[in-house]
Amino acid sequence: MTSRSEENQTDPIELYEQILEHEEPDRQAFAVMLDRIVTSIGHVVMWANVALIVAIIAQVSLRYLFNENYPKLDEIQWHFYGLGTMIGLSYAMVKDSHVRVDIVHMSLRDNVKRTIEILGIVLLLAPFIYLMVDQGYDYFYESFRVNERSDSPTGLPARWAFKAVIPISFVLLAVAALARLIHSGHALLTAERDQIGAGWARIFFILASFAAVAFVLGTLVETTEEKLVVAMFMTFIGLLFTGFPVAWVLAGVGVLYCGVAFLFDNGLMNWTGLEETLTGLDYLTLGATVNRVYATMSNAVLVALPMFIFMGLMLDESGVAERLMTSMQRLFGTVRGGLAITVTAIGIILAASTGIIGASVVLLGVLSLPAMVNQGYSKPLATGTIAASGTLGILIPPSIMLVIMADQMALSVGDLFMAALFPGLVIGGLYLIYILVVGLVSPSSAPVPKDAKAPDWHAVKEVLIAVLPPVLLIFAVLGSIFAGITTPTEASGVGAIGATILAVAYRKLNLKKLATVCISTFNTTAYIFAIFIGATVFSYVLRELGGDELIESMIHSTGLGPQGTVIFILLIVFLLGFVLDWIEITLIVLPLMRPIVNALGLDIPGFDAIDEPALVWFVILVAVTLQTSFLTPPVGFALFYLKGVCPPEVKLSDIYKGVIPFVLLQLTGLALVFGFPELATWLPSVAFN
């Protein structure tokens, strides 16, 4: 992902007055004013995360004090969550912090990037915004007309006010998109002419290549609907390589192919030689996605998402990792590879307390990479250890990926948290074993510092003091879930307040840092939610075209049997991880696999206490596979997070070499979970029993 700093601190009223004074409007000043409007609104709404923490803690406290549930507090929680995520869409647009595939985009000249942004906004984003404003207003107005209130008799009144957030947020998104259009258009008009054509050859080659693949694959299927499904997938992947944000590529392609399907339904595409279709897709049926957006923004399970993000970011601010690094480095100082072992151990602890991959990789890189280089560590070993250890947070609970997977697969978040614990620890253990073996086989790759001292009881005491607070926090969050004391959503609020208390105890928290954590949580949740919305539109059109039936029939036609089919699916997920982020795979591909896995009749040994043990096991296998997507080029995000904080002498090639053994270790962990399903199913079964 990329970020964009604020361009100006000028007051918006002053800017507006300046515009009125000129005969020809200063378009750049007008765009800055729009930026400032969206940013100012975002800086107010971001505090909804603090209000959300208060609401969750109040709910837990009141339930245990008075042994009674309060539906109003439940609804207030997802109101704060929905408000923050929806208003955050425009903020993320202004800050340009959406997820994008940067592998080609980074090498393009600025003018090509600006042109792509202009075309993307006009052709992909604008039709989607119009749909959501128009249909979102109708959705709100119908609720207002009947004075809709909560489904619960003791719930909140005036539900229409919450539904009004949908059209309002997309109007704000339109304002942010207009600002970016003006910025990019102004920069393009004032650019040097000789640079405008540079880089387009690569874009055209990529799009032509995917068009050719779509044509070839289209000949392998029979019906027009199936050909449209193939073309839709290839269009999506091809446009990703332009660098336009993933969320809006998903949404734009969904709207585009709804229009194409409408033309085929009405006989307006007979000139292609393809048969007419009966998809039933049109503008009004696509408007049904507004209801799906509302269901996502009012999803009680997903309320945990911003809370776990807040928890991780607050822990980064608290200085926990620095304390751990200082104390544990002394404990393992005389062990060959001791610093790498320290990094891995801290990575495991951070994974169980943050789950924010970018933050973990950057933090570990900043704290340990210079020291490892100075001690003479092999650069591939040093960078591979940091990148791989930082990715453990996507698997070891509390993981935001597992929260989203639980929602998409209609599974219990608690089940997935328990099921992922042992596989995550197994992979962390494999990392430690590998580092120890490298230290023995190649001593020069992981040397012992010359001034290293043998650990004493004082060193052990320092480690215990440093480890105890985050471990207690981990037990408070995961223990309360596993023991059934709190729901995962409630535990996320407990974790958020616990991390804040730690930051206060370490004297690392002030109002500025709290605001920084709130705005980062607001921004991160927003761009994840943007992909949710884009995937909602994309998946809806894909299913209406029969994409799920096509994929199901293709996988069943392999004739590989239940175990072979699972391996085949995991291979597809692994390969998709080279070009797609885990969020897109989780939101688009994973739900399509649920009926396929259910139909396999997998006999997972052992434990009757879990409702769907085969599905839980399968999801954990996919989660382990997706962990590799952070390390596999060209789109491995951990590689670029780490490169951003590397000393100049560490090259990207060193990072690529370093992660190869760790990808193999992750696949080894995958094989262990595949061969021994009990690694995933035993703990949740024990908890239920």
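In the chain, helical runs assigned H by DSSP with n ≥ 4 each contribute -39500 (n - 2.57); averaged across all residues and rounded to the nearest 500, the mean residue ellipticity at 222 nm is -23000 deg cm²/dmol. Here the Karplus curve 6.51 cos²θ - 1.76 cosθ + 1.60, taken at θ = phi - 60°, turns the phi angles of the range 297-312 into couplings of 6, 10, 7, 5, 5, 6, 4, 5, 4, x, 5, 5, 5, 4, 4, x Hz, with x standing for Gly and Pro. If you take the Cα centroid of the range 531-545 and the Cα centroid of the range 458-522, the two points sit 36 Å apart. Tell me which of Phe210, Gly280, Met232 sits at the most positive position along the dipole axis of the range 200-287, charges placed on C-beta atoms (Lys, Arg +1; Asp, Glu -1). Final value for the positive-end residue is Phe210.
Calculation over all alpha carbon pairs of the range 60-218 in 5 angstrom steps from 0 returns a P(r) of 2, 7, 11, 14, 13, 11, 10, 9, 7, 6, 5, 3, 1, 0, 0 percent.
Between the amide H of Ala446 and those of Ser378, distances stay under 5 Å, these residues lying 5 or more places away or on another chain, with hydrogens modeled in the peptide plane.
Taken over the Cα atoms of the chain, the convex hull encloses 187 Å³ per residue.
Relative to one another, the C-alpha centroids of the range 211-256 and the range 328-384 are positioned 41 Å apart. For the chain, the longest principal axis of the C-alpha atoms and the axis of helix 678-688 are separated by about 90°. In this structure the amide hydrogen of Val99, modeled in the peptide plane, comes within under 5 Å of the amide hydrogens of Val246, Ala247, none closer than 5 places in sequence on its chain.
Sorted from greatest to least, the principal axis extents spanned by the alpha carbons of the range 301-688 come out as 64, 46, 40 Å. Each residue of the range 48-57 is assigned a 3J(HN,Hα), and the resulting list reads 4, 5, 5, 4, 5, 4, 4, 5, 5, 4 Hz, derived from the Karplus form 6.51 cos²θ - 1.76 cosθ + 1.60 (θ = phi - 60°), x at Gly and Pro. Each peptide in 167-175, 542-550 was scored by the mean count of other Cβ atoms within 10 Å over its residues; highest first, the order is 167-175, 542-550.
For the Cα trace of the range 563-603, dividing Rg by the Kirkwood Rh returns an Rg/Rh value of 1.00.
Applied to the range 474-489, the Karplus parametrisation 6.51 cos²θ - 1.76 cosθ + 1.60 on θ = phi - 60° returns per-residue 3J(HN,Hα) values of 4, 5, 5, 7, 6, x, 5, 6, 5, 7, x, 6, 10, 6, x, 5 Hz, with x for Gly and Pro.
Here the Kirkwood formula puts the hydrodynamic radius of the range 52-126 at 16.0 Å, using every distinct Cα pair. Relative to the longest principal axis of the C-alpha atoms of the chain, give the angle of the C-alpha long axis of helix 590-600, reported between 0 and 90° and rounded to the nearest 10°. Computed tilt is about 70 degrees.
For the chain, find the longest principal axis of its Cα atoms and tell me its angle to the long axis of helix 400-409, 0 to 90°, nearest 10. Here the helix axis deviates by roughly 50 degrees.
Read-outs: derived from the displayed coordinates by stated rules, not from any lab. Here the structure is a predicted model, which is why all the values come from computation and not from measurement. With ideal geometry, Cβ positions are generated from the backbone for all residues, glycine too; neighbour counts draw on all protein chains shown.
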